[in-house]
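Peer 1: One structure, pasted below without further comment.
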Amino acid sequence: MTAASAPGKVILFGEHAVVSGATALGGAIDLRAKVTLQDLPGRILIDANNLTLRGFSFDLITGQVLSAEAAHATRYVSAVLKEYEAKDLRVKVESNLPPAAGLGSSAAIVVATTAALNQHFGLGLSRKEIASDAHRMEKAVQQGLGSPMDTALATFGGYLQISRRVQPLDLPSLEIVVGYTERAHDTRSEVEKVQSLLARYPDLVGPIFQAIGAISSRAVSLIQEQRLEELGEMMNINHGLLEAVGVGTRELSELVYASRGAGSAYGAKLTGAGGGGCMIALPPTGGSAALITALRQAKGTAFSVKTGSEGVRLERDL
Ligand code: MEV
């Protein structure tokens with residue numbers, strides 16, 4: 001047996017603006033997808049049922065009823081198996097990352113599957129090659145969209161600053177609370193919506209993206225020096241700018257306001273593409289539990305994560 005795991009991520013600053021070349025900042029989180037491979041001569045079996053079950057769908061090929069989460073995972077694992085012409089395997093996927101929520105679940109699955117195959121079949125891929133292959137495969141499944149942020153964070157972990165290129169940053173870990181609206185989002189349609197706004201109003205949206213890029217750059221030293229109140233202010237400004245380009249929703253706003261009010265957060269913003277998915281909030285020291293309670297009272301699913309977590313790794317303790 002061979003197993004590998006890879007982390008999910010949060011975009012701290014810069015989503016959408018990064019698509020047009022502005023700077024973004026993201027961190028790997030301590031929620032992971034794990035992929036285990038076992039030889040299974042003559043067959044390929046993808047077992048993705050060990051995920052949190054919610055809605056159901058029907059797999060036309062196998063005739064099996066799959067949860068939405070399992071269908072999502074199966075699509076990405078199949079793409080990786082096809083890429084490396086891998087067969088005679090049982091592939092088990094376990095993950096505690098909600099899919100289609102902006103937390104990098106698909107990138108974590110693609111990277112963990114690639115790393116596990118790399119080990120199992122001695123493919124000789126370097127980390128850099130795993131990151132770039134995974135980006136290409138994720139993009140293909142998502143029909144041509146997606147910055148390298150998710151797959152790079154799933155591979156290298158830590159923090160990354162992304163503009164035209166990807167730069168690792170050595171920054172301390174942050175404790176952040178994630179609020180999930182339980183509404184899946186469609187990254188592609190949100191990106192298209194914002195890009196269309198930019199094309200129609202370049203004189204307005206251009207400066208908004210520039211301001212978002214400046215926030216991402218400014219945030220680096222604030223995290224380095226643990227100036228959390230100012231970092232919270234940066235989150236609030238970034239959220240307002242994302243609202244301005246139309247990716248906010250009522251549910252996300254309710255969680256953002258609950259965080260800043262009852263939750264006493266230093267700041268809060270949506271994370272990822274918007275239109276649903278997740279928001280993040282920065283609790284004062286020791287304030288995570290109160291913030292989680294405030295988010296649950298506002299009807300969100302809430303949990304705390306640590307940023308700057310380790311990238312893809314082989315799992316030996318089977
Ligand atoms: C989605 O997680 C982040 C976006 O900036 C798109 C991307 O960077 O690929 C909206």
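Peer 1: Please work out which residue is nearest to Ala28 (Cα to Cα), limiting yourself to region 243-272 and to residues that are touching a residue at least 24 places away in the same chain (Cβ under 8 Å), within 16 Å of the ligand (Cβ to nearest atom) and more than 17 Å from the chain's Cα centre (by Cα).
Peer 2: Across region 243-272, the extreme among qualifying residues is Gly248.
Peer 1: Inspect region 166-185 for any residue being crowded, with 23+ Cβ neighbours inside 10 Å and among the aromatic types (Phe, Trp, Tyr) and give the result as yes or no.
Peer 2: Taking every residue of region 166-185 in turn, none turns out to be crowded, with 23+ Cβ neighbours inside 10 Å and among the aromatic types (Phe, Trp, Tyr).
Peer 1: From (1) under 30 Å from His239 (Cα atoms); (2) at pLDDT 90 or above; (3) charged (D, E, K, R), pick out the condition that doesn't hold for Lys82.
Peer 2: In the conditions (1) under 30 Å from His239 (Cα atoms); (2) at pLDDT 90 or above; (3) charged (D, E, K, R), Lys82 misses (1) alone.
Peer 1: Let me ask something else about it. Mind checking which residues of region 270-318 are in a loop (DSSP other than H, G, I, E, B), touching a Ser or Thr at 6+ places or on another chain (Cβ under 8 Å) and hydrophobic (A, V, I, L, M, F, W, C)?
Peer 2: Across region 270-318, the qualifying residues are Ala273, Val312, Leu318.
Peer 1: Can you list the strands (runs of 3 or more DSSP E) found entirely within region 149-220 that contain at least 1 residues being within 14 Å of the ligand (Cβ to nearest atom) and within 25 Å of Tyr266 (Cα to Cα)? Write out each step before concluding.
Peer 2: Values: elements: 159-162, 166-169, 175-180.
Hits in region 149-220: 159-162, 175-180.
Peer 1: Which condition number in (1) surrounded by fewer than 16 Cβ atoms within 10 Å (Cβ to Cβ); (2) in contact (Cβ under 8 Å) with a residue 60 or more places away in the chain; (3) in contact with a Phe, Trp or Tyr (Cβ under 9 Å, 6 or more places away or on another chain) is the one that Pro284 fails?
Peer 2: Failing condition for Pro284: (2).
Peer 1: For region 31-52, name all the residues that are of a type outside the set (Ser, Thr, Tyr) and not in a strand (DSSP E or B).
Peer 2: Correct list: Leu40, Pro41, Gly42, Arg43, Leu51.
Peer 1: If you take the residues of region 11-21 that are crowded, with 24+ Cβ neighbours inside 10 Å and within 11 Å of the ligand (Cβ to nearest atom), which of them is nearest to Glu94 (Cα to Cα)? Write out each step before concluding.
Peer 2: Narrowing region 11-21 to residues crowded, with 24+ Cβ neighbours inside 10 Å: 11-18.
Restricting the remaining residues to those that are within 11 Å of the ligand (Cβ to nearest atom) gives 11, 13-18.
Working: Ile11: 23, Phe13: 28, Gly14: 29, Glu15: 27, His16: 29, Ala17: 32, Val18: 30 Å.
Per the criteria, the residue is Ile11.
Peer 1: With Ala6, Ala28, Ala22 as the choices, which residue is part of a loop (DSSP other than H, G, I, E, B), at pLDDT 95 or above and not assigned by TED's automatic domain parsing to the domain that holds Gly272?
Peer 2: On the way: Ala6 fails: part of a loop (DSSP other than H, G, I, E, B); Ala28 fails: part of a loop (DSSP other than H, G, I, E, B).
None of the others qualify; the one that does is Ala22.
Peer 1: A further question on this structure: Quick check: is even one residue across region 231-239 among the acidic types (Asp, Glu), over 11 Å from Phe13 (Cα atoms), in a helix (DSSP H, G or I) and touching a residue at least 40 places away in the same chain (Cβ under 8 Å)?
Peer 2: No.
Peer 1: With the requirement that a residue be within 16 Å of the ligand (Cβ to nearest atom) and either in contact with a helix residue (DSSP H, G or I) (Cβ under 6 Å, 6 or more places away or on another chain) or over 20 Å from Gly248 (Cβ atoms) (or both), what does region 273-302 give you?
Peer 2: Of everything in region 273-302, those that are within 16 Å of the ligand (Cβ to nearest atom) and either in contact with a helix residue (DSSP H, G or I) (Cβ under 6 Å, 6 or more places away or on another chain) or over 20 Å from Gly248 (Cβ atoms) (or both) turn out to be Ala273, Gly274, Gly275, Met279.
Peer 1: Looking at Ala108, is it in contact with a strand residue (DSSP E or B) (Cβ under 8 Å, 6 or more places away or on another chain), touching a residue at least 24 places away in the same chain (Cβ under 8 Å), closer than 18 Å to Glu315 by Cα and surrounded by 15 or more Cβ atoms within 10 Å (Cβ to Cβ)?
Peer 2: Judged against the criteria, Ala108 is a match.
Peer 1: Tell me which residues, restricted to region 227-272, are touching a helix residue (DSSP H, G or I) at 6+ places or on another chain (Cβ under 7 Å) and within 21 Å of Asp186 (Cα to Cα).
Peer 2: Answer for region 227-272, where residues must be touching a helix residue (DSSP H, G or I) at 6+ places or on another chain (Cβ under 7 Å) and within 21 Å of Asp186 (Cα to Cα): Asn238, His239, Leu241, Ala244, Val245, Gly246, Val247, Gly248, Leu255, Val256, Lys269, Leu270.
Peer 1: Let me ask you something else. Looking at region 144-159, which of its residues are among the aliphatic types (A, V, I, L, M) and surrounded by 21 or more Cβ atoms within 10 Å (Cβ to Cβ)?
Peer 2: Met149, Ala152, Leu153, Ala154
Peer 1: Consider only pairs whose beta carbons are under 7 Å apart and that are at least six residues apart or on different chains; among these, list those whose first residue lies in region 85-100 and is in a loop (DSSP other than H, G, I, E, B) and whose second residue is of a type in the set (Val, Ile, Thr).
Peer 2: Between residues of region 85-100 that are in a loop (DSSP other than H, G, I, E, B) and residues that are of a type in the set (Val, Ile, Thr), the close pairs are Lys87/Ile44.
The values are calculated or read from the model by the stated rules, or taken from the named source; none is laboratory data. From a predicted model like this one, the values you see are computed outputs, not experimental measurements. Every residue, glycine among them, receives a Cβ derived from its backbone with ideal geometry; neighbour counts consider all protein chains shown.
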